[in-house]
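Asks: The structure follows.
The values are calculated or read from the model by the stated rules, or taken from the named source; none is laboratory data. Bear in mind that the values here come from a model prediction, so they are computed numbers and not experimental data. Ideal geometry is used to build each Cβ from the backbone, glycine not excepted, and the neighbour counts take in all protein chains shown.
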Amino acid sequence: MKDTTMKIPFNLIEKYNVPVPRYTSYPPANFFDAGFGTADYLRAVEQSNQEKPENISIYIHIPFCTQLCLYCGCNTHITKNMDLMRTYVHALRREISMLSPLIDHNRKVSQIHWGGGTPNALPVEYIGEIMYLLKSEFRFIDHPEIAVECNPAHLDEKYIEQLSVMGFNRISLGVQDFQEKVLHAVKREVPAIPVIELCEMIRSHRGMSVNLDFIYGLPYQSADSFAETIERAIEIAPDRLVTFSYAHVPWVKKAQKKLEEYGLPSAEEKVKMFENAWERMNRAGYADIGLDHYARPEDDLAKALNSRTLHRNFQGYCTRETTGQVYAFGVTGISQLENVYAQNCRTVKEYIQVIEGGEIRIEKGYTLSYTEKVAREVINEIMCNHYLSWKQIAECFETSPEKIKTLLDFDNRKLEPFRDDHLLEYSDDDLVIHDIGRFFLRNIAAVFDIHIGDLSRKYSKSV
């Protein structure tokens, strides 16, 4: 029977609380280069038709929010201007229509993810227009995942019903915290309809599941108060739950500086929040996915973790069945193809102007080397499956484990500090991360990062 207690020694927190990438991509987004342009991306899109995975994953970025949440690290545009939203949606449709002919339509869409911003800041009929176009342009696998991030303050029964009719089967509610004092401090709107009622509305539609997202490390949060939040969430019984660690990066997002006036929880208090959430979610029967996700045992993510086939992309964790090369549409959207990353232009105004002029514009991007692709596969295995088989990695690249290790300049001595701290165990053949080691996944992954010594890159701390 699994131990459902978690106690992370504070000396390890002090030891490993250093700046490291979050590894939502590899190399991280701060490696993207303005020298990579539109022509490079369009060539890469055509080349992607001959690359694996064959499936298509589509990301739609809706940047609009009605107000700025102070913790936010996303690319947003604060407005209530419906005319602007209408124009933006028209541009989105044109971008999809322009890129679609470059993609082999024998390939199938396995995943669509709407992110933001606040996708449900749009009138629901605007979402319907884009979904209709996607279904007209592309073929789909049976049972694709079609998900949308929603602010619960802008959601009601009619909106949920319309999303269901369009084929959405997963709604992620950005709850962040149940305490109104916390929400007011970070300028997050309080839902008019209680979250538990919204979840009941979502689950009343057959085949529709619900995720709840929370953030720990915000003003006025404590280990005890966040434990109460998780207890309330467990009573709602979401299919998946996420506890994001707040990343304080005021040098990137200046609005975050305001939170320092309220005071932020210490690293030690944040660790207690993590421990409390981990213990409660495990006692409730959820599987812990990666560092901060939880899923019911019958959920596809939990099954994929058990079989060590869990994967992830910019949209989050996914199964191999729904994994696809990611084609992103909308301002700042990041496409994640087998060989390249490419990010669309950064402002809504520029995006609309460019698209209306009949062009697609890439702000910056990155072409991966063979070695970087190997490192990406290794880091993904650690971040997703908490396990690494050198033989399996070598088979992916049709080479030997020895050549993979040489390529990454790796030897077992780099893992000795983690082993000595009881975070993992390893042999010449594989690596297994212990439960307590999951809190330090970013640190462990950094061992295999061939760029980690680049002092020109700046990252948030791991805790």
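Asks: What pairs can you find where one residue is in segment 369-388 and under 14 Å from Phe31 (Cβ atoms) and in contact (Cβ under 8 Å) with a residue 12 or more places away in the chain, the other is outside any helix (DSSP H, G or I) and aliphatic (A, V, I, L, M), and their Cβ atoms are less than 8 Å apart, with a gap of 6+ or different chains?
Replies: Thr371/Leu408; Thr371/Ile450; Glu372/Ile450; Ala375/Leu408; Ala375/Ile450; Arg376/Leu368
Asks: May I pose another question? Return the residues of segment 133-155 that are touching a helix residue (DSSP H, G or I) at 6+ places or on another chain (Cβ under 8 Å) and not in a strand (DSSP E or B); say none if nothing qualifies.
Replies: Leu133, Leu134, Glu137, Phe138, Asn151, Pro152, His154, Leu155 - these are the residues of segment 133-155 that are touching a helix residue (DSSP H, G or I) at 6+ places or on another chain (Cβ under 8 Å) and not in a strand (DSSP E or B).
Asks: Something else: Answer with yes or no whether Pro144 is farther than 14 Å from Ile58 by Cα, assigned by TED's automatic domain parsing to the domain that holds Val242, surrounded by 18 or more Cβ atoms within 10 Å (Cβ to Cβ) and touching a residue at least 24 places away in the same chain (Cβ under 8 Å). Walk me through it before giving the result.
Replies: Values: farther than 14 Å from Ile58 by Cα: no; assigned by TED's automatic domain parsing to the domain that holds Val242: yes; surrounded by 18 or more Cβ atoms within 10 Å (Cβ to Cβ): yes; touching a residue at least 24 places away in the same chain (Cβ under 8 Å): yes.
Against the criterion (farther than 14 Å from Ile58 by Cα, assigned by TED's automatic domain parsing to the domain that holds Val242, surrounded by 18 or more Cβ atoms within 10 Å (Cβ to Cβ) and touching a residue at least 24 places away in the same chain (Cβ under 8 Å)), Pro144 does not qualify.
Asks: Restricting attention to segment 189-197, does a residue exist that is in contact (Cβ under 8 Å) with a residue 60 or more places away in the chain, more than 28 Å from Ile58 (Cα to Cα) and not charged (D, E, K, R)?
Replies: Within segment 189-197, the subset in contact (Cβ under 8 Å) with a residue 60 or more places away in the chain is 189.
Now drop any that are not more than 28 Å from Ile58 (Cα to Cα), which leaves 189.
Those still in the list that are not charged (D, E, K, R) too: none.
Among the residues of segment 189-197, not one is in contact (Cβ under 8 Å) with a residue 60 or more places away in the chain, more than 28 Å from Ile58 (Cα to Cα) and not charged (D, E, K, R), which makes the answer no.
Asks: Looking at segment 313-344, which of the residues that are in a loop (DSSP other than H, G, I, E, B), at pLDDT 95 or above and of a type in the set (A, V, I, L, M, F, W, C) is farthest from Gly365 (Cα to Cα)?
Replies: Val331
Asks: For the structure I just gave you, tell me whether Ser110 is farther than 26 Å from Gln67 by Cα, in a strand (DSSP E or B) and of a type in the set (S, T, N, Q). Spell out how you get there, then give the answer.
Replies: On the way: farther than 26 Å from Gln67 by Cα: yes; in a strand (DSSP E or B): yes; of a type in the set (S, T, N, Q): yes.
The answer is yes for Ser110.
Asks: State which residue pairs qualify: first residue aliphatic (A, V, I, L, M) and inside segment 66-77, second residue modelled with pLDDT of 95 or more and assigned to a loop (DSSP other than H, G, I, E, B) in any location, beta carbons under 8 Å apart, and separation of 6 or more residues or different chains.
Replies: Within 8 Å, the pairs are Leu68/Lys187; Leu70/Val186; Leu70/Lys187.
Condition check ((1) assigned by TED's automatic domain parsing to the domain that holds Ala147; (2) in contact with a strand residue (DSSP E or B) (Cβ under 9 Å, 6 or more places away or on another chain); (3) not in a helix (DSSP H, G or I)) across all residues:
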| site | (1), (2), (3) |
| --- | --- |
| Glu228 | yes, no, no |
| Glu235 | yes, no, no |
| Leu241 | yes, yes, yes |
| His248 | yes, yes, yes |
| Gly263 | yes, no, yes |
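Asks: Give all pairs with beta carbons closer than 6 Å in which a residue from segment 91-116 that is in the same structural domain as Glu129 (by TED's automatic domain parsing) meets a residue that is part of a helix (DSSP H, G or I) and surrounded by fewer than 18 Cβ atoms within 10 Å (Cβ to Cβ); count only pairs at least 6 apart in sequence or on separate chains.
Replies: Arg93/Leu133; Ile96/Leu133; Ser100/Glu137; Leu102/Glu46
Asks: What is the residue count in segment 387-413 for residues that are loosely packed, with under 14 Cβ neighbours inside 10 Å and either within 15 Å of Tyr426 (Cβ to Cβ) or assigned by TED's automatic domain parsing to the domain that holds Ile289 (or both)?
Replies: Total meeting the criteria: 4.
Asks: Please go through segment 355-413 and give me each residue that is farther than 24 Å from Phe314 by Cα and touching a Pro at 6+ places or on another chain (Cβ under 7 Å), ordered by number. Give the derivation first.
Replies: First, the residues of segment 355-413 that are farther than 24 Å from Phe314 by Cα: 356-359, 390-391, 394-395, 398-407, 409-413.
Result: Trp390, Lys391, Ala394.
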